[in-house]
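Heads up: the structure comes next, in structure tokens.
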Amino acid sequence: MTLPVSRAPLLPPTEKPRVVVEHPDFYVVHKPALWLTHPVRARVDVPDVLAFMRAETGERDLAPPHRLDRETSGAQLLSRDPDAARRFFTLFKEHIVGKTYLAVVHGAPEWDRRTLDAPLGDLGLGGANRVAIRQAVVPNGRPAVTDFRVVGRRAGFTLIEAYPRSGRLHQIRAHLAHLGLPMVGDKIYGRDPQAFLDFMETGQTPELTARLLLPRQALHAARIAFPWAGTQFVAEVPLAPDLQAFWDGVPDPG
């Protein structure tokens with residue numbers, strides 16, 4: 001079964017995008033959770049960073065060389081002119097841009113560092129899976145490698161840094177689920193197999209948020225790095241306030 005685009009109510013974002021770095025060629029913007037990167041016709045009810053920044057700056061040439069999912073917060077690039085857009089296209093095509101994420105997961109891994117080299121592809125409908133877009137580690141999948149590092153441990157939860165070496169669909173979320181470390185708030189790869197189906201039907205209800213512990217997946221783009229104008233550019237965006245508040249609220253086992 002192919003799920004329709006949700007027409008159920010969505011929670012309105014509580015933050016607005018803010019500029020972290022203003023460079024002559026690009027912006028690094030903190031994209032809040034629940035914002036799209038760019039307009040999507042099927043989801044006209046959801047605000048997007050590109051339209052917001054074009055309105056704020058008056059710069060019509062702004063363009064996103066990459067995209068963060070609606071529920072993911074953190075560092076979003078916007079090129080400021082066509083030349084910069086072309087240069088970013090090459091950097092991303094050649095996999096020269098490094099992106100580091102932070103994720104809050106259920107569980108406690110026995111390791112502090114782990115590299116997972118496991119191919120990802122469509123899981124396929126049937127059995128326990130009723131979500132068409134769900135990815136999984138499958139023998140005939142596309143190569144996918146993610147480096148993981150434990151940043152912090154709390155009672156029942158772990159804060160993990162993830163560095164995807166490849167850029168597969170839902171790579172970090174699918175790899176964490178494969179390791180038995182489902183992301184907090186994740187409707188597709190989390191602990192509740194019914195969550196995404198309920199979300200498509202009812203939207204983000206208080207009951208669903210209570211089941212998932214957060215109204216969105218606990219994934220944050222914390223750092224982006226790439227060569228530019230002869231130097232290595234690096235920008236960091238601190239963990240989003242909602243994820244920081246959740247993490248701070250978890251008891252410290254020490």
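The values are calculated or read from the model by the stated rules, or taken from the named source; none is laboratory data. Nothing here was measured: the structure is a model prediction, and the numbers come from that model. When we count neighbours, we look across all protein chains shown, and the Cβ atoms used for this are built from the backbone with ideal geometry, even at glycine. Heavy atoms of the whole protein, side chains included, go into the accessibility calculation; ligands, DNA and RNA do not. Shrake-Rupley method; radii C 1.70, N 1.55, O 1.52, S 1.80 Å.
Having 3 or more residues that are more than 30 Å from ALA55 (Cα to Cα) and either free of Cβ contacts under 8 Å to residues at least 24 places away in the same chain or within 16 Å of the chain's Cα centre (by Cα) (or both) is the bar; report the strands (runs of 3 or more DSSP E) wholly within segment 68-184 that clear it.
Those strands (runs of 3 or more DSSP E) span 98-106, 145-154, 157-164.
Answer with yes or no whether PRO253 is open to solvent by 30 Å² or more (accessible area, probe 1.4 Å), assigned to a loop (DSSP other than H, G, I, E, B) and closer than 26 Å to PHE92 by Cβ.
So PRO253 fails the test.
Can you name the residue in segment 223-250 that is assigned to a loop (DSSP other than H, G, I, E, B) and out of contact with any helix residue (DSSP H, G or I) (no Cβ under 9 Å at 6 or more places or on another chain) and, of all such residues, is modelled with the lowest pLDDT?
Going through the qualifying residues, I end up with VAL250.
Find all pairs meeting these conditions: Cβ atoms under 6 angstrom apart; at least six residues apart or on different chains; first residue within segment 195-211 and within 17 Å of VAL184 (Cβ to Cβ) and open to solvent by 70 Å² or more (accessible area, probe 1.4 Å); second residue at pLDDT below 90 and among the charged types (D, E, K, R).
Cβ pairs passing all conditions: ARG211/ASP192.
Under 6 Å by Cβ, and 6 or more places apart or on different chains, what pairs join a residue from segment 217-230 that is closer than 20 Å to TYR27 by Cβ and of a type in the set (Phe, Trp, Tyr) with one that is open to solvent by 10 Å² or more (accessible area, probe 1.4 Å) and assigned to a strand (DSSP E or B)?
Sorted first by the residue in segment 217-230, then by its partner, the pairs are PHE226/PHE233.
With respect to LEU62, is the statement that it is crowded, with 18+ Cβ neighbours inside 10 Å and more than 18 Å from the chain's Cα centre (by Cα) true?
In short, yes.
From VAL46, VAL5, which residue is surrounded by 15 or more Cβ atoms within 10 Å (Cβ to Cβ), more than 30 Å from ARG154 (Cβ to Cβ) and modelled with pLDDT under 95?
The conditions single out VAL46.
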